[in-house]
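Please read the structure below before turning to the comments.
What follows is calculated from the coordinates using simple rules that are stated; it is not laboratory data. All figures in this text were calculated on a predicted structure; none of them were measured in a lab. Here the Cβ positions follow ideal geometry from the backbone for every residue, glycine too, while neighbour counts run over all protein chains shown.
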Protein chains: 2
Amino acid sequence: MTVAVVMAGGRGERLWPLSRSYRPKQFVSWKGNSFFRATVDRITPVVGAENIYVVTQKKYKELALKQAPFIPPSNVIIEPQGKNTAPCIGLAAVIISTLKSPEEIMIVLPADHFIGDERTFQKLIRFACRLASDDFLVTLGITPLYPNTGYGYIHYGESHQKEGEMEAFKVLNFTEKPDLETARKYLKEGTYLWNSGIFVWKAKVILEEIEKYMPDLYRGLMKIKEKIGTPQEKEVASKVFKNLESISIDYGVMEKTDRALVIPADMKWSDVGSWVALEEILEKDEQGNVVLNKHLGIDTQNCIIWTRKPVVTLGVKNLVVVEADDVIFLMPKSHNQRVRSVIEALKRQEEFKKLL
Amino acid sequence: MTVAVVMAGGRGERLWPLSRSYRPKQFVSWKGNSFFRATVDRITPVVGAENIYVVTQKKYKELALKQAPFIPPSNVIIEPQGKNTAPCIGLAAVIISTLKSPEEIMIVLPADHFIGDERTFQKLIRFACRLASDDFLVTLGITPLYPNTGYGYIHYGESHQKEGEMEAFKVLNFTEKPDLETARKYLKEGTYLWNSGIFVWKAKVILEEIEKYMPDLYRGLMKIKEKIGTPQEKEVASKVFKNLESISIDYGVMEKTDRALVIPADMKWSDVGSWVALEEILEKDEQGNVVLNKHLGIDTQNCIIWTRKPVVTLGVKNLVVVEADDVIFLMPKSHNQRVRSVIEALKRQEEFKKLL
């Protein structure tokens, strides 16, 4: 009755050089486990391993199954190309609805986030499943801790609380990453939550909404549906995806539908979307440094140091220091949002392309 | 008639973590060669390999012979402990004077310096040998290029030039590292040279001057002389060295004697005494960065990047970045003179002692 759909097709470029073209962020080892594997482990108690689906690119299928070998290989859904979350979720919905049942509840999870409080996560997900069984489109909205300008926000309205139940609210709209002033306003108003990208709904309900609000996508999905299980499935899916618009399910459906609910979630969450985001999930030492490995700091404050080798710093402040297998990366924290410019620069120089 | 004495007992701590307790700076690989080996190679055409002596600590003897296997093992003189240059040179002088001849001319060379213009070096050394054969104590003084506050200076007086010969001057005195204002004054006056630590003299002449100006050292050396070639040599040398004052030959002898001459030398020299000193001997790229390995810099200026792995930097300025086998070291260039504080900090923490 309930399946998990782990979206593992992204690249996570802003965490370069930890994330790489051959090993995107979700597959990066994080304290012995990858983000992907942690995501799978976190949902397994809720749905069972045999009900976990993974949507990813063909080139990452092997890596995903290696990291979570208990997932049935037939549960890996190949996304012909990355087109943001709406096509990805639509594809999963049409396959699950066809091969299992349109009544299946899908728990849609990004594969590259961090959740510190797994028990709360599981409790909230089970509650979301109950709401989804009443044909709602449910999302978790993270209780904001500070005016983060790197996250999208969900503006919520009236309560949808039944007696004895946890809180849920009607979704008013999704917002893009705000500037600092706007983010402060959101926190002050108290009716905004961080957009977690976690969704729970019935396969048939999300397909109904896609039909209503994203008719082009729906038509494409129906073409794929005709060929599911046939030798033409892959070819048709490729053709369909080539012509799809890159759009998130948030904007494509959730903002438009009147069936969206949001559950406030306080579960030590981070999207780990950049180097500075590590400060949200790792403890700082007395000098405000976030350190993975051994570090000896003399007059060193507020650095983020993610290395294999021990690091010694003298008089260094606000610096991000990353060591991967084959490269060392350094930037001031103030340049956190510019990591993609590094990717662009690497692409332009033949001798550095292998660092992509 | 002429021997070279390569002083290879120092530690070069300010170049940590390139220099280490098990591999001091002189033995560090520098573009495929160590500073020590380069020093030996540079003097071999002048004296011949069989006339090269090395003074070092017992623990480095093997490393020295491995790096310069053509040096006769019996030419390695063991310094019982580091006591600066006067005891080291005195020991070499007494051994060479006893085993070879008091008339031998000794070319004394620090093992850890860089000299870019080897032909000029050899020409000047040969000239120094001619002056030394007239019983002068000769040193090379580097023509100062800018008011460096990390070097000692030699103040010189009247010319000692004979017709058709190169320039040499009477030494007035040696000065400690000056402050910037004083260094600027020195350059303006034009009668100051950088102290290179390179000396040329007869064994018997330096011993005469040690007898005159450092009688305690002389008495110790005579005790060692009695035992040279006997089973007691090592034990006596250890005892003698234990009680010797740590003092440089510059202050112990050269400043006091009236037989000191200095030859101005313009030969792309650096003592490579600190990370920032690398700027004196390595080319900068267009952004003012000194880089050993591959580096991709975006908005990156005036850094010194000495690593094994490629380095990518975004928005980084005036930073020293060093990667050794087992540690990464970072500091702003402004902290260049504080590297010894790192050594002290490492000593205090058990888990970091292996990085010494």
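Summary table
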item	result
Cα convex hull volume per residue for the stretch B:223-356 (Å³)	225 Å³
Counting DSSP beta bridges with both ends in the protein assembly as shown, the antiparallel % (nearest 5)	45 percent
With 5 Å bins from 0: P(r) over the stretch B:2-270, alpha-carbon pairs, percent	1, 6, 13, 17, 20, 18, 14, 7, 3, 1, 0, 0
Simple spin-label estimate for A:N173 and A:K59 in nanometres, 7 Å along Cα-Cβ	3.8 nm
Value of relative contact order over chain B, rounded to a whole percent, pairs C-alpha under 8 Å and six or more apart	19 percent
Shortest-first nm distances, B:F70 label point to equivalent points in other copies (7 Å, Cα→Cβ)	6.7
Estimated [θ] at 222 nm from DSSP helical runs (n ≥ 4, -39500 (n - 2.57)) normalised by residues in chain A, nearest 500	-9000 deg cm²/dmol
Low-density loop positions, trypsin sites (Lys or Arg not before Pro), the stretch A:117-189 - DSSP coil, at most 16 other Cβ in 10 Å	A:K162
Modelled FRET efficiency - R0 56 Å, B:K225 with A:R308, Cβ distances, 0.05 increments	0.55
Added length on full extension, which subtracts the Cα-Cα distance from 0.36 nm per residue, A:E235 to A:D117	38.3 nm
Between 0 and 90°, nearest 10: helix A:233-242 axis offset from chain A longest Cα axis	60 degrees
Label distances, nm, B:R348 versus same residue in remaining copies, Cβ-directed 7 Å point	4.6
Contact order relative to length of the stretch B:278-355, as percent, for alpha carbon pairs under 8 angstrom and 6 or more apart	18 percent
Calculated on alpha-carbon atoms, Rg and Dmax of the stretch B:55-185 in Å	17.3, 48
Volume per residue of the C-alpha convex hull in the stretch A:1-94, rounded to whole Å³	98 Å³
Among beta bridges that DSSP assigns inside the stretch A:278-355, antiparallel share in %, nearest 5	40 percent
Descending Cα extents along the principal axes, the stretch B:135-189, whole Å	37, 20, 15
Cβ-vector label at 7 Å, B:K223, separations to other copies in nm	9.7
Whether the protein assembly as shown is rounded, prolate or oblate, judged on the alpha carbon gyration tensor where a/c under 1.5 counts as rounded	prolate
